[in-house]
Amino acid sequence: MAETNNEKFWFIQPAAPDFLANKFPEINPIIRQLLFNRKLDTQEKIDEFLYPDYSQDLFDPFLFKEMEIACQRIWRAVRNQEKVLIYGDYDADGVCSTTLLVEWFKFVKLPVEVYIPHREIEGYGLNQDAVKEFIEKKVDLLITVDCGTTNISEVETLGAAGIDVIITDHHHVPTDRVRPLAFLNCSNPDDNYPFPYLAGVGMAFKLVQGLIIYGQRNNYSPQFPSGWEKWLLDLVAIATVTDVMPLQGENHTLVKYGLLVLNKTRRVGLKELFNIAGIKNIIDTWQIGFIIGPRLNAAGRIDHANQAYALLNETNSDQAKNLAIELQATNAKRQALTEQFVKEAKQQIEPQFYQGDCILTAYSPNWDLGLVGLVAGRITELYRRPTLIMTLNQGKIMGSGRSLADFSIIAALEKQKKYLARFGGHEGACGFTLQNNNDLENFVSSIKEANKDIDIDQFKPYLNIDAVVKLSDIDWSLVDDLQKFEPFGEDNPVPRFVTYQVQVLGIEFVGEEQKHLRLLVGDEMGLVRKTIGFGLGKNWGNLKMGDKIDIVYEAGVNQWNGNKELQLKIIDLKINETK
């Protein structure tokens, strides 16, 4: 069912079927509903999700058809002390993936070169100038992380020069794809891997898993201590969350264990970054997504991703502190420029929005290429439409796109590939370069025309609500059970509930400019709960004592001075006008 509320929809998930109650009578009905909403309807799926087991719930890396080839070639390089180069992407996923793979090579004592391209000068993925450099350096083996799937000509050039290439990636695999020595991509429809939603760092981790297993099978030296690779999971957690991968299946297990490692990380650079960024409490997915990830990403957007790579690999505390301070400043610059570009983009976007365009587009030769993806994300969030933001870089028009649920932006781009020199990405995000700058107008009109019949109502803002509950349902036992659903993130959001007809018993406006709303609410049975609504104060100044309201909220715990109490975090509310 859907209800309109201040231009938002409250979408309440369909009730769990009766057979689940018969199948799992021992489970709290609210928890049963949450499991159903996440398509967890067997004991095996439920146990894997609520009680993930590292030794049982990760898939065999050799389910990738070409994992054996990749491991065999890499170990040969180790035994022969060949020249190996790791080619990473410039975002947090690429930087973490590169660091992760480098650590494996450090353990086997084979020095490797690392190359991360400059976003604005070189663009995404391999490029022919870099390839020429690698050939001149007489590289024997090149391994990509978080990129490479669409670099057909570059891989062919490398192969012709006698350089073996192993691609590890997770991005969309087009019909015409790269043909390296080994191709490891969880999105590859020709592969057997059962979980297609790993981040680039997840793919790098699967390669390391495979390398360790392959080395054990063949008694290669050195042998890895049991569980050695678990110390890499802090990188896996950061990159998986930052790259907005779904936190279900294998990702849920990887990130759950990764958070344990991240909270006791050995990385000096990360510890200094936490201090500079003001992180003092237990690190969770929110802090990764809004504090850690943006700072690592800022390096590649504003300067060069080598800045973030250096931080992750620094072992000296003083040097790490200086790098963390630099990243903090880079991130502040990124925030200011993004705000400026969003303001400029809105002037082009608003007329398109009001005339009902399905896809919104904006172009300026003055925007930084490293920030157009962020601008696209902000515009998509503000106007609830798929968005393409473009700029001029190195004499070429390049762009980034962001989308919403049920609309694949990469599929929309693929239908316009006659206009594109290169493109890549996945359903929710993409990057592209026009074949010819003079085609900008034709490209924009063509992609809009191709999607003109899309129902834009599907993009209207809505709140996804897990269940209708009573205030009395929210108790300590339920909150304890809710914590088992962590880590929260993409495709596993914090559970949200709606309760109807609660009475306002206390009102307080708090915070700077009184922008937050603190309410005391009660039900007809006399039960009272404390609530907080962040940012709701400005819209609900007319709320009165005794008003009956409907509230959408997240149930949690408020802790202070060693005390704790149940608290409802209000996401949205409306006056209940039932007589």
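No lab work stands behind these numbers, since they all come straight from the coordinates. All values derive from a computational prediction rather than experimental measurement. In this analysis, Cβ positions are derived from the backbone assuming ideal geometry, glycine residues included, and neighbour counts consider all displayed protein chains.
Details
- Crossing angle, helix 249-262 versus the chain [Cα axis fit, 0-90 degrees, rounded to tens]: 90
- Within the stretch 61-244, all pairs of alpha-carbon atoms sorted by distance into 5 Å bins from zero give the percentages 1, 8, 18, 22, 23, 16, 8, 2, 0.
- Pairwise FRET efficiency - GLN72 versus ASN281, Cβ, R0 = 30 Å, nearest 0.05: 0.10
- Take 211-220, 30-39, 232-241 and order them by the average number of nearby Cβ atoms within 10 Å per residue, most first; the result is 232-241, 30-39, 211-220.
- Residues in the stretch 466-472 carry Karplus couplings, in order, of 6, 6, 8, 9, 9, 4, 5 Hz; the curve used is 6.51 cos²θ - 1.76 cosθ + 1.60 with θ = phi - 60°, and Gly or Pro positions show x.
- Each Lys or Arg adds one and each Asp or Glu subtracts one; over the other residues with Cβ under 12 Å from the Cβ of PHE497, this totals -1.
- The H on the amide N of LYS83, modeled in the peptide plane, is under 5 Å from the matching H of ASP140, LEU141, each at least 5 residues off or on a different chain.
- Mean residue ellipticity at 222 nm, helices only, the chain: -11500 deg cm²/dmol; runs of at least 4 DSSP H residues each add -39,500 (n - 2.57), and the sum is divided by the number of residues.
- The gain in end-to-end length when the LYS415 to GLU133 segment is fully stretched comes to 98.1 nm, 0.36 nm per residue minus the alpha carbon separation.
- Full-extension gain in nm, GLU524 to ALA336, via 0.36 nm per residue minus C-alpha separation: 62.8 nm
- Relative counts (whole %) of C-alpha pair distances in the stretch 492-565, using bins that are 10 Å wide: 18, 49, 31, 3
- Residues of the stretch 451-481 falling in the label zone of ASN576, defined by backbone nitrogen less than 15 Å from a point 7 Å along Cα to beta-carbon, are 468-474.
- With R₀ set to 51 Å, the beta-carbon distance separating PHE107 from ILE325 gives a calculated FRET efficiency near 0.95.
- Helix axis angle, 268-277 relative to the chain longest principal axis, alpha carbon, degrees: 40
- Taking Rg and Dmax of the Cα atoms in Å as calculated from this structure, the corresponding entry among (i) 25.2, 82; (ii) 27.3, 92; (iii) 28.4, 97 is (i).
- Among 430-436, 404-410, 200-206, the peptide with the highest mean count of other Cβ atoms within 10 Å heads the list, and the full ranking is 200-206, 430-436, 404-410.
- For the stretch 221-235, the Karplus equation 6.51 cos²θ - 1.76 cosθ + 1.60, evaluated at θ = phi - 60°, returns couplings of 10, x, 8, 8, x, 4, x, 3, 5, 4, 5, 8, 6, 5, 5 Hz by residue, with Gly and Pro reported as x.
- Counting Lys and Arg as +1 and Asp and Glu as -1 over every other residue whose Cβ lies under 13 Å from the Cβ of LYS346, the net charge comes to -1.
- Values of log10 I(q)/I(0), in the order q = 0.13, 0.18, 0.19 Å⁻¹, for the stretch 3-111 under a Debye, Cα-only, solvent-free model: -0.78, -0.98, -1.04
- For ARG422, the residues whose amide H sits under 5 Å from its own are THR433, ignoring neighbours fewer than 5 places away on the same chain, with H placed 1.01 Å from N.
- Full extension of the segment from LYS39 to PHE195, taken as 0.36 nm per residue of separation minus the current Cα-Cα distance, would add 54.7 nm.
- Under 5 Å, built H, 5+ apart or other chain: amide partners of HIS516: VAL510, GLY535, GLY537
- Alpha carbon centroid spacing (whole Å) that separates the stretch 142-167 from the stretch 21-44: 46
- Across the stretch 522-539, coupling constants 3J(HN,Hα) worked out from phi with the 6.51/-1.76/1.60 Karplus curve, θ = phi - 60°, read x, 10, 5, 8, x, 6, 10, 10, 8, 9, 9, x, 5, x, 8, x, 5, 9 Hz, and Gly and Pro carry x.
- Förster radius 30 Å - calculated FRET efficiency between GLN81 and TRP231 (Cβ-Cβ, nearest 0.05): 0.75
- A simple spin-label model places pseudo-atoms 7 Å from Cα toward Cβ; at GLU344 and ASN442 they are separated by 2.7 nm.
- Filtered trypsin sites (Lys or Arg not before Pro), the stretch 486-570: DSSP coil and at most 12 other beta carbons within 10 Å: LYS544
- With respect to the chain, whose longest principal axis is taken over its alpha-carbon atoms, helix 293-302 is tilted by about 50°.
- For the peptides 455-461, 316-322, residues were scored by their other Cβ atoms within 10 Å and the scores averaged per peptide; the highest-first order is 316-322, 455-461.
- The overall shape of the stretch 358-426, judged from the alpha-carbon gyration tensor, is oblate: a/c is not under 1.5, and a/b is no greater than b/c.
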